Each structure stands twice: as structure tokens, then as C-alpha cells.
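The values are calculated or read from the model by the stated rules, or taken from the named source; none is laboratory data. Keep in mind the model is a prediction, meaning the values are calculated, not measured. Here Cβ is always computed from backbone atoms with ideal geometry, including for glycine, and neighbour counts include all displayed protein chains.
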Amino acid sequence: MRITMIGSGYVGLVSGACFADFGHDVCCVDKMQAKIDALHAGRMPIYEPGLDSLVAANVAAGRLTFTTDLAQGVAGADVVFIAVGTPSRRGDGHADLSYVFAAAREIAEAATGPLVVVTKSTVPVGTGDEVERIMREARPDLTIAVVSNPEFLREGAAIGDFKRPDRIVIGSENSNDGARARAVMRDVYRPLYLNESPILFTGRRTSELTKYAANAFLATKITFINEIADLCEAVGADVKDVSRGIGLDNRIGRKFLHAGPGYGGSCFPKDTLALLKTAEDFDSPIQIVDAVVKVNEARKRKMGRKVLGALGDAPRGKTVALLGLTFKPNTDDMRDAPSLAVAQSLADAGVTVRAHDPEGMEAARGLLPDAVFTGDAYEAATGADAVAIVTEWDAFRALDLQRLKQVMAAPVLVDLRNVYDRAAVEAAGFTYHAVGR
Ligand code: UDX
């Protein structure tokens, strides 16, 4: 199977490398010359565990190539995936589909034969209809089918998620072209299908909505446990035990029930907003997701106040060390990271922020111009009146508490990810603040 990926960002590159690893012949296209040059030189444009070796092996095997020339990439392809960005449009929160539509037009113009076009980008309901319309208008002579196949990859675990998915969702039209597309997609995913990953064939709009519903549900689950955490603090209960106690019920499930500083990243914040816009457009509001978005936004600032509270009555002039800046571990992604709101509320209160993150500091520098960036956790903690763990990187899970205490001005630990045991931290002489415990 000859597969072309339009867009070699996070989703396009991971998916392209994994498809090549399945034995398909894959060409990844991107407009950014610098990105393609880097890939040719064996450098990854993003940080994702295992991606560099996967790319290298498949390039060496001749199954994975890169180009900035879309027409060259599309010529002779059986399947073309659209994996370009769909950022939130400034001002109104709608997903910006201009890159998707531009790609559709260019693919149609470059096509040399019958084509299955797959939207992998997260796109609002109805986008497949518009992609199909654009392509048919550009090339009435072409046999095409437009399919929706959302990705469910987590940053930091993307390769594993791709190769062992809980499910594959494929949305197509109920037509002859649709039936042909389903057969082609079955071939594309055959290695997974043979591994018994469920493959779900649905209508195209259903598939598009499934992606948003999945992310909105997960965001709701996190936000639910975060509010329960606050209640735990108020009544003297322990949210970790509540989470375990409800999560062991199979109907609820244990995953995505960890209380923390609120969800961030490139998907949940953007996709919940886009879902609300769709709901509004179709006059079918989803109040529960509306509440989730508001509660999560407020929570990030609330976490800043929590850290300030740990500094006592007069925080002005004090120093806080933030450990972990990215929205979660094993990524360099700073998008909508709770650390940004925490750092902002500290700065607003006249507190100096020192910070360390294993992978995110380059991206963080531009976003936190007043912070002092340091080489490791202990350097960040030097002279600090409190240390706050904002992201649960492994490097922060087993800190040498005695060493930490020695370099700090005051031994205060604010654990926004609940990775420490209160008794152990207090025994080391610290004042300990957790979330919901
Ligand atoms: C998510 C979805 O999981 C994935 O299926 C989708 O395709 C893209 O969006 P990602 O954004 O990479 O993936 O990260 P994820 O691991 O899902 O975490 C999202 C946010 O939720 C992070 O900020 C994380 O810290 C937070 N989170 C997650 C919690 O606060 N508690 C939890 O229990 C789980």
C-alpha cells in the first residue's frame, strides 16, 4: 500500500512512521523546509519517546521518505491522510480548518488516480462533507472517497497507542466509493486488525463526533475528580482513596481519575471548546462540557493561589521553585500547561519563580520571560521558600528530601500531582501540601 501523510507534525509523523513499520510505503509531506531537512538529517522536530529509532529504521529500510513537494508525494498514492493542524481560531474558539481545506484542494489537483482521502486531523462534524465537495469541484474526473479516521494518540505514549490501540474508528459514506474506501482502510490497518484491535466502521459524521465525545468525556472525568479533590480537602477525606474506591468499579474505570492542577495540552482544551461551538451551531448545547471548561480554567489559577497560600501571609518578595512546566511528563509541549497560570499568579503576587523541566524549558522560556531557568530540581530549589511539583516527571518522584531541605530557605513542598507520601515528607521535616488529601 502506498500511503502519503500531508503534515509531518506530531500526528502525521508518528502515524507515518508506524504505517511504514507495518510494511507500507509511506511518504510524509510538510510545507516547512526546515522540518523536512531535519527529518532527512535524522533529527526529530518533536520529542516523542522511541520516534527517532522508529523513523531511522524505516528510512533505512526504504519505506519512509520525506518531501516538501505535495504533488510528488501524492502522485501514485493509494491513500492520502490529512494530518495538518486545526488550531482554535482566534476570537471565536472554532477549529481553524483553512489548512485542511487547502490540503484537500492541493491533493485533488495532484492526484494521478483513484484515491482514498482520510482526515486524521481532529475536525468538526461535517468537515468530511466539505473536503469531499472541495475535491470533487477541483477534480470532477477523479474517483475519490473521503474517510474520517480520528487519532487517539497520547503524547509521550503515541507509538504504543498507535500500535496497540483500544479501537480504530473509520467513518465513511454509505456509497460505492465508501465501500471501496472501507476495503482499502482494512488493508491499511491489517496488522492491527490481525492483532485483534477492534475496528469500528461508522458513518463519517459519527466518526468525527466520536473523537470529540471521547476527549470531552475524558476531560469531564478529570474535572470531576478534581472537584471531588477539593471537597476531600474540605471534609478531611483522601482523594487518592476515593479515586481508587470508585475506579475499581468497572463501569467507572481507574484511568483518568488522578486529581491535579487541571488538564492542559493540545487536545482537551481545544477539542472541548470546538465541541461546544458545534453544539451551539446545531442548537444542541452540552452544558456538562461547558461546566468542565469553566471549572478547569478556574482551577489552573486556583492552583497558583494554593502555592501562594503555602508561602504564608506575606508572599511578596519570596521565591518558589516550580518543578515540571510541560502540561504532562514525557513531552516538551507547553500548550495550555497549568504551570503557565501558576507562574502567572505567583508573578502577579510579587513572587520570584525559579523553574526546571527536563524537556520543556526551551518552549517555556518565551512563555515565562521573568522565570529563572535552572539545570535541575536542586538548583531550582536553591534559596526557595517553597517547591511546587507541577508536572509529575519521573525525575521529581524520588527527590532527595534532605538535600532539597538543605538548599531551600524554608522546607515547604506543594505536591500538585500527589506523587509523595505525606508521612515521609513530613518526617523529612517539610510542611506538605497536596491536592485533595
Ligand atoms: C489526549 C487524549 O488522551 C488522546 O486520546 C487524544 O487523542 C489527544 O488528547 P494528550 O493531550 O497527549 O492526549 O494527554 P493525556 O495523557 O490524555 O493528558 C491530558 C491532560 O490531562 C494532561 O494535562 C494530564 O496531566 C491531565 N490528566 C490526565 C489529569 O490531570 N489526570 C488524569 O488522571 C489524567
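The table for this structure:
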{"quantity": "Positions within the range 98-139 being under 17 Å from Pro87 (Cα atoms), among the polar types (S, T, N, Q) and part of a loop (DSSP other than H, G, I, E, B), in sequence order", "calculated": "Ser121, Thr122"}
{"quantity": "Condition met for Leu209 (within 24 Å of the chain's Cα centre (by Cα) and in the same structural domain as Val116 (by TED's automatic domain parsing))", "calculated": "no"}
{"quantity": "Condition check for Gly128: crowded, with 21+ Cβ neighbours inside 10 Å and more than 16 Å from the ligand (Cβ to nearest atom)", "calculated": "yes"}
{"quantity": "Filter result (surrounded by 15 or more Cβ atoms within 10 Å (Cβ to Cβ) and either touching a Leu at 6+ places or on another chain (Cβ under 7 Å) or assigned to a loop (DSSP other than H, G, I, E, B) (or both)) within the range 54-78", "calculated": "Val55, Asn58, Arg63, Phe66, Thr68, Ala75, Ala77, Asp78"}
{"quantity": "Selected residue [within 16 Å of the ligand (Cβ to nearest atom) and among the polar types (S, T, N, Q)] from Thr319, Thr278, Thr326", "calculated": "Thr326"}
{"quantity": "Pairs, first farther than 11 Å from Pro165 by Cα in the range 189-207, second exposed (fewer than 15 other Cβ atoms within 10 Å of the Cβ) and polar (S, T, N, Q), C-beta under 8 Å, six or more apart", "calculated": "Gly203/Asn174"}
{"quantity": "Residue satisfying condition, being part of a loop (DSSP other than H, G, I, E, B), within 16 Å of the ligand (Cβ to nearest atom) and among the hydrophobic types (A, V, I, L, M, F, W, C), within set Phe81, Phe152", "calculated": "Phe152"}
{"quantity": "Output for the range 196-238, where each listed residue is of a type in the set (Val, Ile, Thr), within 19 Å of Asn418 (Cβ to Cβ), more than 11 Å from the ligand (Cβ to nearest atom) and buried (at least 17 other Cβ atoms within 10 Å of the Cβ)", "calculated": "Ile228"}
{"quantity": "Residues that are among the charged types (D, E, K, R), touching a residue at least 12 places away in the same chain (Cβ under 8 Å) and touching a strand residue (DSSP E or B) at 6+ places or on another chain (Cβ under 8 Å), drawn from the range 358-381", "calculated": "Asp370, Asp376, Glu379"}
{"quantity": "Test: Ile134 is assigned by TED's automatic domain parsing to the domain that holds Glu109, away from the ligand (no atom under 16 Å from the Cβ), within 25 Å of Thr278 (Cβ to Cβ) and of a type in the set (A, V, I, L, M, F, W, C)", "calculated": "yes"}
{"quantity": "Verdict on Asp336 being surrounded by 20 or more Cβ atoms within 10 Å (Cβ to Cβ), assigned to a loop (DSSP other than H, G, I, E, B), in the same structural domain as Val414 (by TED's automatic domain parsing) and charged (D, E, K, R)", "calculated": "yes"}
{"quantity": "Any hit, the range 182-194, residues being assigned by TED's automatic domain parsing to the domain that holds Cys18, closer than 30 Å to Ile246 by Cβ and modelled with pLDDT under 95", "calculated": "no"}
{"quantity": "Entirely in the range 372-432, the helices (runs of 4 or more DSSP H) that have 1 or more residues that are within 28 Å of the chain's Cα centre (by Cα)", "calculated": "377-381"}
{"quantity": "Selection status of Pro358, buried (at least 18 other Cβ atoms within 10 Å of the Cβ) and within 16 Å of the ligand (Cβ to nearest atom)", "calculated": "yes"}
{"quantity": "Residue among Ala384, Ala349 that alone is surrounded by 16 or more Cβ atoms within 10 Å (Cβ to Cβ), touching a residue at least 24 places away in the same chain (Cβ under 8 Å), touching a Pro at 6+ places or on another chain (Cβ under 6 Å) and small (Gly, Ala, Ser)", "calculated": "Ala349"}
{"quantity": "Residue in the range 419-433 that is more than 28 Å from Asp241 (Cβ to Cβ), surrounded by fewer than 22 Cβ atoms within 10 Å (Cβ to Cβ) and of a type in the set (Ser, Thr, Tyr) present", "calculated": "no"}
